[in-house]
Amino acid sequence: MFNLDFERFVSRLLPSALNGVVIRAFFCVLASPFKLVYENFMNFRNLKLWYLNYDCTKEKLEDMLNAYFHDLLASYGCEGLILIEDGTDGNEILLYQKAIQLPGIVSSMPVLITRNYTWGNRPFVVKVPEDVRSDINIDRLKRLVNIFKLYGISYTVTYYNVH
């Protein structure tokens, strides 16, 4: 992307007869709203590019959370320790369909049913180190997870001891 120098841009737009210090400063003031719009756009673009680096996979979600909370985790010596794990409720029901009799093939596919089972995806657990419990912004963590997780999949945030 371009890095615009608005002062140089204004001085090149002015004819040489009007390219004095006072007139150039005046036109720089007139160009300041454009500079503000440009800076806001670049900030917006950089934020969107940050979001595009991550997706809903386990590895990318862990990377995103650990990158976002890097300074907090590093201050406690817990770098890269926000973990995502498969969250099973422990009370799943495993159903077996009636065996399908095809010539030479006997098939019986089990179906796993949990309380939060959605579109073949299981709920997950976001595990945060116990050391950062008092300082981590859980609401911000949940908002970030909600942005990147697939719709309809539930999750819980738990704390664990690192040592």
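Points worth noting:
- Applying the criterion of being acidic (Asp, Glu) and within 30 Å of residue 149 (Cα to Cα) to the residues of the range 18-59, the residue that is surrounded by the fewest Cβ atoms within 10 Å (Cβ to Cβ) is 59.
- Where a residue in the range 1-26 is over 28 Å from residue 49 (Cα atoms) and its partner, wherever it lies, is of a type in the set (Gly, Ala, Ser) and part of a helix (DSSP H, G or I), with Cβ under 8 Å and at least six apart: 10/31; 19/11; 24/11
- Qualifying positions in the range 2-17 - farther than 14 Å from residue 34 by Cα and either surrounded by 14 or more Cβ atoms within 10 Å (Cβ to Cβ) or in contact with a Lys or Arg (Cβ under 7 Å, 6 or more places away or on another chain) (or both): 11, 14
- Test: residue in the range 149-163 that is modelled with pLDDT under 85 and over 20 Å from the mean Cα position of the chain (by Cα): yes
- Which numbered condition residue 74 fails, given (1) modelled with pLDDT of 85 or more; (2) touching a helix residue (DSSP H, G or I) at 6+ places or on another chain (Cβ under 6 Å): (2)
- Condition met for residue 79 (without any contact (Cβ under 8 Å) to a residue 40 or more places away in the chain, touching a Cys at 6+ places or on another chain (Cβ under 6 Å) and not hydrophobic (A, V, I, L, M, F, W, C)): no
- The helices (runs of 4 or more DSSP H) found wholly in the range 1-86 and carrying at least 3 residues that are more than 30 Å from residue 156 (Cβ to Cβ) occupy 6-13, 21-52.
- Assessment of the range 77-97 against the conditions (farther than 25 Å from residue 125 by Cβ and modelled with pLDDT of 85 or more) yields no matching residue.
The values are calculated or read from the model by the stated rules, or taken from the named source; none is laboratory data. Everything quoted here is computed from the prediction, not taken from an experiment. Positions of Cβ are backbone-derived with ideal geometry, glycine not excepted, and every protein chain shown enters the neighbour counts.
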